[in-house]
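The values are calculated or read from the model by the stated rules, or taken from the named source; none is laboratory data. Given the structure is predicted, the values throughout are model-derived calculations rather than measurements. All Cβ positions, glycine included, derive from the backbone under ideal geometry; neighbour counts span all protein chains shown. In case anyone asks, the SASA skips ligands and DNA or RNA and just uses the protein heavy atoms, side chains included. Shrake-Rupley method; radii C 1.70, N 1.55, O 1.52, S 1.80 Å.
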Amino acid sequence: MPGESQIPIASVSAPRRFATSLALFYGAVFTLIGAHLPFFPVWLRAIGIDASWIGIIIAVPAVTRFTVLPFVTSLAERRASLRSAMIVTAFMTALGFAAVGTQHQPVLVFLVFTATACMWTPIVPLTDAYALRGVARYGLKYGPLRLWGSAAFVVGALACGLLVDVIAARHLIWMIAALAAFGAVVSLGLRPLDNPKIHPAALHGATALLREPGFLVIILVSALIQGSHAAYYTFASITWQLSGLGGLTIAGLWVLGVLAEIVVFALSPRFTLQPSALVVIGALCAVVRWLITAQEPPVAVLAVVQLAHGLSFGLTQVGTMGLLVRHVPVHIMARGQGYFAACAGIVAGGASILSGAVYARYGQGVYYVMAAMALSGAILMWSARRLLHHPQSSASGG
């Protein structure tokens, strides 16, 4: 019958359309991040903002993760409107970065960027929650979807790296604002998911997440390991620029790390180790990476060290998401991502502010502090590995 012949086609095309639109949006989101992370600090320095203020301004997104972000993800979940929330925050982010570009005084940049970050920082947790719901519904794999974000990060970093050698650094903000606008347009193509209203029992389950030791360990460990990248995100480009490296070389160093990250995401469906073991490996690689970086290695050694980003960040991310899928019911995934991002924000915000103060006095010595953070995450995850292999049911939430 005609109706019967169409069912397999629809069942195959729906996951493909979802995956394609999500990959495009991940790409747009991370193209912006790829331009922002290496070169927003360079722009701040170019308009005359000193290192202490740079550390404070760069910490703003991390702070909004534990103040504003959980309310945004919670609201999106209550209204069953993940897709709508992603679209609204994308457009507000584009407007915000355009406004940031008109400011040059430290206090004004801080205030406008704070307002922008309130809309920008929820985008990735909302997108990850949307992705994990799609993974659960269509039987997809997170890593291959997420790798498009990492690939796009390369594009953003290289584009800004080329511009650094062509235009004045004080104009880089307009490249960042343009990429934010591109992401807003791409968000309109996201595919709707069936998201029924959350029942009261499910909302109770979301609150119960904060009483589950396993979930708390997951988000704290990830926050410590990923937060150990704070000095790298904030001061790597500035340090490399001061040492005489050109914009394209700086972008190339960032790209090396992200290429390794892409390989990890692409191969992640083949990993057979427990997610907790992946996180421990990622943490230990971060420790080695920061200890070597603290020695101010030559660019050839630094290029090799940058490949460790695939493990220090990528493997940690894959392991963390594997643990969250096991411990967080799909109907409260946005809330779980909100709590996860909030914890990461607290740790990363503190680490960014601390790194600004330490870098101003000790320079590359700041990476010893980052190594200690990553090591503490590895120890905590290893100690709790048995707990994480047996999820509790307190968050099942009806």
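Summary table below
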quantity	calculated
Candidate set from segment 77-116 (those that are in contact with a Lys or Arg (Cβ under 9 Å, 6 or more places away or on another chain) and either on the phi > 0 side of the Ramachandran plot or in a helix (DSSP H, G or I) (or both)); member that is most open to solvent (accessible area, probe 1.4 Å)	78
Some residue of segment 297-310 being among the aliphatic types (A, V, I, L, M), part of a helix (DSSP H, G or I) and buried (at least 22 other Cβ atoms within 10 Å of the Cβ)	no
Leading residue by the ranking (nearest to residue 171 (Cα to Cα)) among those in segment 15-38 that are open to solvent by 10 Å² or more (accessible area, probe 1.4 Å) and at pLDDT below 85	37
Members of segment 223-276 found to be under 17 Å from the mean Cα position of the chain (by Cα) and of a type in the set (D, E, K, R), listed by number	261
Lone unmet requirement of (1) surrounded by fewer than 21 Cβ atoms within 10 Å (Cβ to Cβ); (2) in a helix (DSSP H, G or I) for residue 336	(1)
Total residues in segment 264-280, condition within 12 Å of residue 385 (Cβ to Cβ) and in a helix (DSSP H, G or I)	6
Matching option when the condition is free of Cβ contacts under 8 Å to residues at least 60 places away in the same chain, of a type outside the set (Phe, Trp, Tyr) and under 23 Å from residue 355 (Cα atoms), among 295, 306	306
Residue in segment 363-374 that is over 27 Å from residue 45 (Cβ atoms) and among the β-branched types (Val, Ile, Thr) present	no
Residue match in segment 357-375 (condition: under 30 Å from residue 79 (Cβ atoms), at pLDDT below 90 and more than 22 Å from the chain's Cα centre (by Cα))	no
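Results for (1) modelled with pLDDT of 85 or more; (2) among the acidic types (Asp, Glu); (3) part of a helix (DSSP H, G or I); (4) open to solvent by less than 50 Å² (accessible area, probe 1.4 Å), shown as yes or no for each residue.
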site: 204; (1), (2), (3), (4): no, no, yes, no
site: 215; (1), (2), (3), (4): yes, no, yes, yes
site: 219; (1), (2), (3), (4): yes, no, yes, yes
site: 223; (1), (2), (3), (4): yes, no, yes, yes
site: 226; (1), (2), (3), (4): yes, no, yes, yes
site: 235; (1), (2), (3), (4): yes, no, yes, yes
site: 251; (1), (2), (3), (4): no, no, yes, yes
site: 259; (1), (2), (3), (4): yes, no, yes, no
site: 262; (1), (2), (3), (4): yes, no, yes, yes
